[in-house]
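The values are calculated or read from the model by the stated rules, or taken from the named source; none is laboratory data. Predicted, not measured: the structure shown is a model, and the values here were computed from it. Here the Cβ positions follow ideal geometry from the backbone for every residue, glycine too, while neighbour counts run over all protein chains shown.
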Amino acid sequence: MKYITLIIGLLVVGCGKQEQTDTNESTNTNEVDGATAKPVKELTKEDLIGTYEVKRGEETARIVILKNGIVESYFNDEKIDEGNILIINGEVHIKSKKMRMLVF
């Protein structure tokens, strides 16, 4: 249970990072009630690639999301799980071998 809590906390922290502005993005805007809104960019696996880490005292939990969509979970530098990342309706799903599916 301790591992699950750390991994969930790690993903929540990682999902909160700011989105970078793409200078090649379309400048089309939608006008609603006199205000303009920029279209929302759809989330892709490429947006999630990277390493997300949380330290609590002497313990470290890390999730690595690879280019091929594989997710590796580590606890204190020991690999504890592996799975796949899916994006369904804008939600991040991680299908793990040891744990069930997590949704963020």
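Couple of notes before you dig in:
- In this structure, Glu31 does not qualify as among the charged types (D, E, K, R), at pLDDT 90 or above and not in a loop (DSSP other than H, G, I, E, B).
- Here the range 65-95 is the region considered, the condition is being closer than 25 Å to Glu42 by Cα and touching a Phe, Trp or Tyr at 6+ places or on another chain (Cβ under 7 Å), and the residue that is surrounded by the fewest Cβ atoms within 10 Å (Cβ to Cβ) is Glu91.
- Filter result (surrounded by fewer than 18 Cβ atoms within 10 Å (Cβ to Cβ) and either polar (S, T, N, Q) or closer than 19 Å to Lys95 by Cβ (or both)) within the range 51-64: Thr51, Thr60, Val64
- Candidate set: the range 62-79, residues that are in a strand (DSSP E or B) and not charged (D, E, K, R); chosen: the one farthest from the chain's Cα centre (by Cα): Phe75
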